[in-house]
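Here's the structure, in structure tokens; my notes come after.
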Amino acid sequence: MNTENCNPNDPLWDLLGQAETVKVSPYFVRNVLREVRLAEADRQLQPQIGLALILKRWRLILAGCAALLVVASTSTVFFQDHKNTLVLRSGDVEVICNLDELLASEDSALWLKKTVY
């Protein structure tokens, strides 16, 4: 123990002498033991509390799962490989054959002549 800090003439000792003494309740030990038992019981019930919270919030969990299902199903629709199938009728083939010539004649005629159709 350090003898420098134990000066009997220190004003701190005077203040400590003026302080009221603390009286311990006769039920102090009983209250402490009750709190210890309650803390142990809470620790044992903790997994059951987690299950109770899940059961209370089942609607929220169900809504989240439904939203996830909707997002997953729509994403598969958007990211599928769609094969472009072209169904041609008999009259369409003739138009497609003449389409290149038609576009070429209109492009050159539009730029070479000053008349607008």
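None of the figures in this text is laboratory data; all of them are computed from the coordinates on show. Being a predicted model, the structure only gives us computed values, none of them experimental. Note that we place each Cβ from the backbone using ideal geometry, even for glycine, and neighbour counts take in every protein chain shown.
General observations
- Potential extension, Trp13-Leu38 segment - 0.36 nm per residue separation minus Cα distance: 5.0 nm
- Placing dummy labels 7 Å off each Cα toward the beta-carbon, the span from Leu103 to Ile61 is 5.9 nm.
- Zone residues, region 3-36, relative to Ala52, backbone N less than 11 Å from point 7 Å out along Cα-to-Cβ: none
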